[in-house]
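These notes concern the structure reproduced below.
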Amino acid sequence: MKRNDIIDFKALEKELQAALTADEKYKRENAAKLRAVEQRVASYEEFRGIVLASHLKPLEQKDKIGGKRTVPWNCHTIQGRPSRDETTEISPEKTLLQPETSAEFYRDWRRYLRSGPERYEALLHLGGPKLGRLFQMDVGFGLLGEMLMALADHVRPADRWVVLGILRSLASTGRFTLNLSLMSHEEKESCRSLFQKLQAMGTPSLEGRGLGEQPGGLQEEESLLQELLRLYHVD
C-alpha cells in the first residue's frame, strides 16, 4: 500500500463524532422548537429559552439536590468563558476559522471569536460557498442572527460582493425561513440595517472588490441584491 493510500482512522473518527454531535444537536433543538410551538408560548424570549435549554435533562429521584456540586448545572451558560489556561493556549492562528463541520464552526464561533470584527473577518474568510456547505441542513438556533449582526456592524464597500454571496448561501440553507422568523427584534433590525448599507454602497469598482471575487456583471450584482431583499423579507 502506498503512503498516500494509508487511511487516517483518527481523522475519520473525529469527523464522524463531529457529524454525530451536530446531528444530535439538530434533532434536539428541532424537537424543542416543535414543542414550544405546540405549547403556544407567549413571547420570543420564552421560545428561545426552551430551545437553549433543550440539552438539559430532568432530575431523577436518585439525584442528590444537596451536597457539593462538581459540575455546573448548565454548562452552556459558561461555554463562552474560557479559563485562564485556555486563553493563554489559544494561538493567533486558531482565531481564523477552518471548520469542516457545522459543529466545529459553532464551537469555534463561541470559543474563539468573541468580538464583532473577528466574526466578520472569519465569515469573509470562509465565504458563501463554504458556509452553504457547512449549514446545508440547518443553521443552529440563534446563529443566523449573530452572523447578520456581525455583517451589519462591519460591512465595507470593498466587501459588498462577498457579503452578498454569504447572504445568498445562508438563504439556501435548510429551514432558513423558519430561522429567519425566529430572530429577535434586535437581530431583525440588524438585518434591515445591513441591506440598507448594501443598497447605499452601490457597486464599488472592480479594483476595490474584496478577496478577489468577481461577479458576472454589475447587473447581476444588483439583481442578486433585489432577490435577497425578497428572501430576507426586507421592505
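Quick check on the stretch 125-188: take the gyration tensor over C-alpha atoms, sort the square-rooted eigenvalues as a ≥ b ≥ c, and tell me if it's rounded (a/c under 1.5), prolate or oblate.
oblate
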Karplus ³J(HN,Hα) for the stretch 178-186 (6.51 cos²θ - 1.76 cosθ + 1.60, θ = phi - 60°; Hz, whole; x = Gly/Pro) runs 5, 4, 5, 6, 8, 5, 6, 4, 5
At a Förster distance of 35 Å, what's the computed FRET efficiency of L178 paired with R156, Cβ-Cβ distance as r, to 0.05?
0.70
Extreme residue, positive dipole direction of the stretch 95-231, given options N179, A150, S190 (C-beta unit charges):
N179
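Read-outs throughout are calculated quantities, based only on the coordinates presented, and are distinct from any laboratory measurement. Not measured: the values here are computed from a predicted model. Glycine gets a Cβ as well: all are built from the backbone with ideal geometry, and neighbour counts include every protein chain shown.
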